[in-house]
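K.L.:
Got a structure for you, questions after.
The values are calculated or read from the model by the stated rules, or taken from the named source; none is laboratory data. Here the structure is a predicted model, which is why all the values come from computation and not from measurement. In this analysis, Cβ positions are derived from the backbone assuming ideal geometry, glycine residues included, and neighbour counts consider all displayed protein chains. Just so you know, the surface numbers come from the protein's heavy atoms only, side chains and all, with ligands and any DNA or RNA stripped out. Shrake-Rupley method; radii C 1.70, N 1.55, O 1.52, S 1.80 Å.
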Amino acid sequence: MHLRYFGDSVLRTKCLDIECFDQSLTEFTESMIKVMREKDGVGLAAPQVGDNRRIVIVLPPGKSKPLIMINPVVTSKSESRVVYEEGCLSFPGMYEDVARPSEISVQYCDLSGQKFELNAEGMLARIILHELDHLDGKLFIDHLHWWTRFSLTTQLRMKLIFNRG
Ligand SMILES: [Zn+2]
């Protein structure tokens, strides 16, 4: 399992719901947690490791135990939005201000398929929204002004071309 970076088409795919909650799913999430920890991330979505299933890992601020969310769905979000600097493991070293709802409710299943509802605010809400975007092929740069996005992606594409040598 390895991280996928901007430019990889898997990051633009719409992920599918999980119907089978088995041991292989548990093992898959364990590997995702390992990748997230190795890269010092606070969240990771399945497409970032090349998988198109609706799985996200979220590390709540100040906690050491990650939250595993299967088939997560945002059920409500606040009108009020907060702007804060955001990064993404698929865009190393890149940070931009992104506006997101300050409070959300999210429904998800755990590894046994049991349903939960969680109310989150602040940084936790932001991380969850960022990771859930990934499941629909949406990236944090999509929230930026078109000009900022254009200049960032142009820089990234140039870097990719030069790295290929
Ligand atoms: Zn991300």
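K.L.:
Which of the pairs Lys14/Lys115; Lys39/Lys115; Lys34/Lys63 have their Cα atoms more than 24 Å apart in this structure?
P.N.:
In this structure, Lys39/Lys115 exceed 24 Å between Cα atoms.
K.L.:
Based on the Kirkwood radius over alpha-carbon pairs, what is the Stokes-Einstein translational diffusion coefficient of the range 4-76 at 10 °C with 1.306 mPa s viscosity, in µm²/s?
P.N.:
For these conditions, the coefficient is 123 µm²/s.
K.L.:
Stokes-Einstein diffusion coefficient for the chain at 10 °C in a medium of 1.306 mPa s, Rh from the Kirkwood formula over Cα pairs: what value in µm²/s?
P.N.:
My calculation gives 97 µm²/s for D.
K.L.:
Do any GluC sites (Glu not before Pro) in the range 25-99 lie in a loop, going by DSSP, with at most 15 other beta-carbon atoms within 10 Å of their beta carbon, and if so which?
P.N.:
Filter output for the range 25-99: Glu79.
K.L.:
Expressed as a whole percentage, what fraction of the accessible surface of the range 1-146 belongs to carbon and sulfur atoms when a 1.4 Å probe is rolled over the protein heavy atoms?
P.N.:
Reported share for carbon and sulfur atoms: 49 percent.
K.L.:
Here's something else I'd like to know. If you count only protein heavy atoms with a 1.4 Å probe, what accessible area per residue comes out for the range 98-144, rounded to a whole Å²?
P.N.:
Averaged over the residues of the range 98-144, the accessible area is 38 Å².
K.L.:
What whole-number value in cubic angstrom gives the convex hull volume per residue for the C-alpha atoms of the range 61-153?
P.N.:
Measuring per residue, one finds 112 Å³ for the Cα hull of the range 61-153.
K.L.:
Could you please state, rounded to a whole Å, how far the C-alpha centre of the range 143-165 is from the C-alpha centre of the range 90-108?
P.N.:
The two parts, judged by their Cα centres, are 20 Å apart.
K.L.:
Kindly point out which whole DSSP H helices in the chain project their C-alpha atoms 15 angstrom or further along the helix axis while averaging a Kyte-Doolittle hydropathy of 0.0 or above.
P.N.:
The qualifying helices are 122-135.
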